[in-house]
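Undergrad: Have a look at the structure that comes next, please.
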Amino acid sequence: MLRVDLAVVGGGPAGSIVAREAARGGLKVVLLERAPNAPLRCTGIISTEAGEELGIPGGLVLERLVGVVVHGPQGTRAVLTGDSTKALVLDRVGLDKYLRNEAREAGATVWEGVSAKGWDHSVLFTSEEKLAPELLVGADGALSGVARWAGLPPPQEILAGYQAEVEAEPRYPGHAEIFLDPGIAPGFFAWAVPAGKLLRVGLVTHRGGEGYGHLKSLLLREFPESRVVRISGGLIPLGPPPSTATKRVFLVGDAAAQTKPLTGGGLYYGGLAAKLLGRLLSEGRQAEYERAWREKLGREIEFALRARRAYLDLSPVKLDYLVSLLRDPELGKFLLARGDMDRPSRILGELRRAPHLWPLGLKVLKTLGGFSRFAQFLQ
Ligand SMILES: Cc1cc2nc3c(=O)[nH]c(=O)nc-3n(C[C@H](O)[C@H](O)[C@H](O)COP(=O)(O)OP(=O)(O)OC[C@H]3O[C@@H](n4cnc5c(N)ncnc54)[C@H](O)[C@@H]3O)c2cc1C
């Protein structure tokens, strides 16, 4: 049995970042990844600021996005174009390999093709050798086994994502297309995003629904001439559980639902929490993790959960009305210049400082259920 300071289950971005930071801090770390060659299950969008903060190398960037095209369910369309890059589309499979390699270079031992099987509070059973870690991290995704073994609760909600990589020319180069259409993506939205030579077309909806059927309908409706290269699916946890740590076990990334409830994106929040956790573990300050990550992300997650509930209440007519408001060139310019993909609540404070947009801003807020729904988030 191998004794180590830390075992990390899951070599996705969150697990590799924890392993890297902890190893850099001097801990003896083993990182386990059961499927090191898994196919793409992500669109790979991250804001430019998040890319910088997480140290994503330029070689992993497939596309730079300057704007977004929003489609309402009844055909209304708003094209918002910024004057600089707002977001990056990453080679996500390459990112996972890159980060695992960084963990290795920092001194972590990486076991690829090895599965964690169970935990009895001192021994981690794996498909290979047993491990006896002082500390255990669950970075093993939305259906975290580590969470179950440690008696930690699951995320508040888990949705399902479906994505096709298709050969098709982007209709709006440099833009992500978003489809707000309850007929195609009940409970969420669909997208088409250029990624190098391919287009990533996907949607998120409830688990156990007709996800693949909806994806097929979306492809037929929007890209009838395209050739599908690959189809994949994955889970999207939303809303962190009330507790993500015990004295010796810590959840991070999707395992802790450190995702953005409005988009399902987890690369940035998970990466941020992972960096924090790795450092705290190596400094012996792990007891601070739960409070510290919620201090960084809790407010934005709460705001976005509330905005998501407001979005779910909207009828197709109201959705189209919202998109029609976005067509206002001043509002579009404002949202791209002052909006923050990673901290959506900040738009309220920005709006307060832009009186010329108050009439439009109030219409948007009224459609979303009224200002009082969001008042507590005004900074
Ligand atoms: C269709 C889709 C599109 C998405 N698009 C975006 C996007 O554009 N931007 C964005 O920010 N986010 C996006 N996401 C979300 C993003 O992919 C996740 O938030 C992110 O992958 C979470 O990283 P993680 O390291 O926490 O978990 P994961 O990436 O899920 O990694 C967990 C790892 O743990 C391994 N594992 C699990 N159990 C075990 C075990 N018992 N033993 C060993 N290994 C184990 C798995 O093989 C896996 O590699 C998308 C998700 C989906 C489904």
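The values are calculated or read from the model by the stated rules, or taken from the named source; none is laboratory data. Being a predicted model, the structure only gives us computed values, none of them experimental. Note that we place each Cβ from the backbone using ideal geometry, even for glycine, and neighbour counts take in every protein chain shown.
Undergrad: Quickly run through segment 339-349 and pick out the residues that are surrounded by 15 or more Cβ atoms within 10 Å (Cβ to Cβ) and not hydrophobic (A, V, I, L, M, F, W, C). It would help to see each step written out before you state the result.
TA: First, the residues of segment 339-349 that are surrounded by 15 or more Cβ atoms within 10 Å (Cβ to Cβ): 339, 341-348.
Listed by number, the residues that qualify are 339, 342, 343, 344, 345, 346.
Undergrad: If you don't mind, another one. Go through segment 64-73 and give me each residue that's assigned to a loop (DSSP other than H, G, I, E, B) and within 16 Å of residue 311 (Cβ to Cβ). Write out each step before concluding.
TA: So in segment 64-73, the residues assigned to a loop (DSSP other than H, G, I, E, B) come out as 66, 72-73.
Result: 72, 73.
Undergrad: Identify all residues within segment 7-21 that are more than 7 Å from the ligand (Cβ to nearest atom), under 13 Å from residue 251 (Cβ atoms) and in a helix (DSSP H, G or I); write none if there are none.
TA: Filtering segment 7-21 for residues more than 7 Å from the ligand (Cβ to nearest atom) gives 7-8, 16-21.
With under 13 Å from residue 251 (Cβ atoms) added as a condition, the list becomes 8, 18.
Matches in segment 7-21: 18 only.
Undergrad: Taking segment 220-261 as the search range and keeping residues that are closer than 21 Å to residue 280 by Cα and assigned to a strand (DSSP E or B), which one is nearest to the ligand (Cβ to nearest atom)? Step through it out loud before you land on a result.
TA: Going through segment 220-261, the residues closer than 21 Å to residue 280 by Cα turn out to be 240-259.
Within this subset, residues satisfying the condition of being assigned to a strand (DSSP E or B) are 245, 249-251.
Values: 245: 15, 249: 14, 250: 12, 251: 9 Å.
Out of the qualifying residues, it is 251.
Undergrad: Still on this structure, please answer the following. Just checking, how many residues over segment 192-219 are in a helix (DSSP H, G or I), surrounded by 23 or more Cβ atoms within 10 Å (Cβ to Cβ) and more than 11 Å from the ligand (Cβ to nearest atom)? Write out each step before concluding.
TA: In the first step, residues of segment 192-219 are kept if they are in a helix (DSSP H, G or I); the result is 211-219.
Adding the requirement that they be surrounded by 23 or more Cβ atoms within 10 Å (Cβ to Cβ) leaves 215, 218.
After this cut, where a residue has to be more than 11 Å from the ligand (Cβ to nearest atom) as well, the list is 218.
Of the residues in segment 192-219, 1 are in a helix (DSSP H, G or I), surrounded by 23 or more Cβ atoms within 10 Å (Cβ to Cβ) and more than 11 Å from the ligand (Cβ to nearest atom).
Undergrad: Can residue 103 be described as in a strand (DSSP E or B) and either among the hydrophobic types (A, V, I, L, M, F, W, C) or within 19 Å of residue 278 (Cα to Cα) (or both)? Full working, then the answer.
TA: Numbers: in a strand (DSSP E or B): no; either among the hydrophobic types (A, V, I, L, M, F, W, C) or within 19 Å of residue 278 (Cα to Cα) (or both): yes.
For residue 103, the condition - in a strand (DSSP E or B) and either among the hydrophobic types (A, V, I, L, M, F, W, C) or within 19 Å of residue 278 (Cα to Cα) (or both) - is not met.
Undergrad: In segment 158-181, what residues are touching a helix residue (DSSP H, G or I) at 6+ places or on another chain (Cβ under 6 Å), crowded, with 21+ Cβ neighbours inside 10 Å and under 23 Å from residue 258 (Cα atoms)?
TA: Within segment 158-181, just 162 meets the criteria.
Undergrad: If we scan segment 48-57, do we find a residue that is closer than 21 Å to residue 170 by Cα, within 15 Å of the ligand (Cβ to nearest atom) and either among the acidic types (Asp, Glu) or under 19 Å from the mean Cα position of the chain (by Cα) (or both)? Walk me through it before giving the result.
TA: First pass over segment 48-57, keeping only residues closer than 21 Å to residue 170 by Cα: 48.
With the extra rule that they be within 15 Å of the ligand (Cβ to nearest atom), the set shrinks to 48.
This time we only want the ones that are either among the acidic types (Asp, Glu) or under 19 Å from the mean Cα position of the chain (by Cα) (or both), so: 48.
Yes; the residues of segment 48-57 include at least one that is closer than 21 Å to residue 170 by Cα, within 15 Å of the ligand (Cβ to nearest atom) and either among the acidic types (Asp, Glu) or under 19 Å from the mean Cα position of the chain (by Cα) (or both).
Undergrad: Residue under question is residue 24, and the condition is that it be assigned by TED's automatic domain parsing to the domain that holds residue 130, of a type in the set (D, E, K, R) and closer than 25 Å to residue 121 by Cα; does it hold? Spell out the reasoning first.
TA: Working: assigned by TED's automatic domain parsing to the domain that holds residue 130: yes; of a type in the set (D, E, K, R): yes; closer than 25 Å to residue 121 by Cα: no.
It is false that residue 24 is assigned by TED's automatic domain parsing to the domain that holds residue 130, of a type in the set (D, E, K, R) and closer than 25 Å to residue 121 by Cα.
Undergrad: Given 280, 276, which one is in a helix (DSSP H, G or I) and closer than 25 Å to residue 377 by Cβ?
TA: 276
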